[in-house]
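The next block holds one structure in the form of structure tokens; read it before the comments.
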């Protein structure tokens, strides 16, 4: 049985003009179904109907999907183009390999899916609910906003992350309740509409901040104002890992418990919370998730600033020999197809004196 993954937690950063969809344990959830702050848990496989529930309709249901850009509702996306919806009967199993396909979207925009509905109680085989996979088409670069599936559609109560069509790309799958889909006119077949919101995948580059000179000796706080620059407003990228590299292994030159990374929407993470590996240099890694599910989606609104603050604060502890610390920030993303993108990084220096006579490099 496949393991269901955690869900993306959506975070809205209002003042900065951008949003971040945050992973477990980080950030504030302002776009969840409840709208309350705090960390929410991921959806698990569960049924929205009981064995006693009865499906009175027994013909063909037409399911239509309407997909728009989360930053610009005027931009629409088409099924069988950017994505394909595939609906399944779960057969009482949380293992997606046991599911039976019911229908696949074939029309471009709007997407239309024909669902054969079996009448009867759920226990006797009546189709009282189904699961529909939003399968982002191969080579397409769009993320699905999971929380909005529940918020925008009253028949959807949970969304899981898995790969029912076996294309080796996990995606978002929503549970759709089919009770009372019949219409008053027995000669008219019912139609249901589901609303999706998508994020256009962008590209992020970490930019160099201004280096810090004259840090002095002893304990000193140095804020390096790195930026994560999105290529276009209205785009998003899923953050998988944060990495800080400091040159050399003399970790008495910096203080772990007073040094941290602070990314807008992610929050402050102390360097002591990162995993440490010191050989030639000291490398500190903070992993969020290896998939889109659980990653931090850095999303820039179409009217927002494309520069996202990703500041690094190092509490230095230099001596009087013109020491310097080279600091590199690296961000690693995971794309809409679940593959790791090229890591992006930049570096800056903290020098004890007014000039950096002890040039550092990584």
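Table: residues versus (1) in a loop (DSSP other than H, G, I, E, B); (2) surrounded by 21 or more Cβ atoms within 10 Å (Cβ to Cβ); (3) out of contact with any helix residue (DSSP H, G or I) (no Cβ under 6 Å at 6 or more places or on another chain).
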{"residue": "127", "(1), (2), (3)": "yes, yes, yes"}
{"residue": "135", "(1), (2), (3)": "no, yes, yes"}
{"residue": "151", "(1), (2), (3)": "no, no, yes"}
{"residue": "154", "(1), (2), (3)": "yes, no, yes"}
{"residue": "165", "(1), (2), (3)": "yes, no, yes"}
{"residue": "194", "(1), (2), (3)": "no, yes, yes"}
What tally of residues in segment 225-264 results from selecting those that are surrounded by fewer than 16 Cβ atoms within 10 Å (Cβ to Cβ) and either touching a helix residue (DSSP H, G or I) at 6+ places or on another chain (Cβ under 7 Å) or without any contact (Cβ under 8 Å) to a residue 40 or more places away in the chain (or both)? 4
Test residue 267 against the criterion of being at positive phi and buried (at least 22 other Cβ atoms within 10 Å of the Cβ), and give yes or no. no
Taking residue 357 as the residue in question, decide whether it is farther than 30 Å from residue 233 by Cβ and either at pLDDT below 95 or in a strand (DSSP E or B) (or both). yes
Considering only segment 167-179, state which residues are at pLDDT 95 or above and in a loop (DSSP other than H, G, I, E, B). 178, 179
Selection status of residue 293, assigned by TED's automatic domain parsing to the domain that holds residue 215, touching a residue at least 60 places away in the same chain (Cβ under 8 Å) and either closer than 30 Å to residue 166 by Cα or surrounded by fewer than 17 Cβ atoms within 10 Å (Cβ to Cβ) (or both): yes
Residues located in segment 281-308, provided they are over 28 Å from residue 134 (Cβ atoms) and either in a strand (DSSP E or B) or modelled with pLDDT under 90 (or both): 282, 283, 284, 285, 286, 305, 307
Name the residues in segment 196-224 that are within 27 Å of residue 143 (Cα to Cα) and either surrounded by fewer than 19 Cβ atoms within 10 Å (Cβ to Cβ) or in contact with a helix residue (DSSP H, G or I) (Cβ under 6 Å, 6 or more places away or on another chain) (or both), would you? 197, 203, 205, 207
Let me spell it out: the conditions are (1) in a loop (DSSP other than H, G, I, E, B); (2) surrounded by fewer than 23 Cβ atoms within 10 Å (Cβ to Cβ); (3) touching a residue at least 40 places away in the same chain (Cβ under 8 Å), and residue 317 meets all of them except one. Which number is the exception? (1)
Residue in segment 195-212 that is over 17 Å from the mean Cα position of the chain (by Cα), closer than 30 Å to residue 128 by Cα and at pLDDT 95 or above present: yes
Across segment 167-176, what is the total count of residues that are surrounded by fewer than 18 Cβ atoms within 10 Å (Cβ to Cβ) and under 15 Å from residue 63 (Cα atoms)? 0
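The values are calculated or read from the model by the stated rules, or taken from the named source; none is laboratory data. Keep in mind the model is a prediction, meaning the values are calculated, not measured. Glycine gets a Cβ as well: all are built from the backbone with ideal geometry, and neighbour counts include every protein chain shown.
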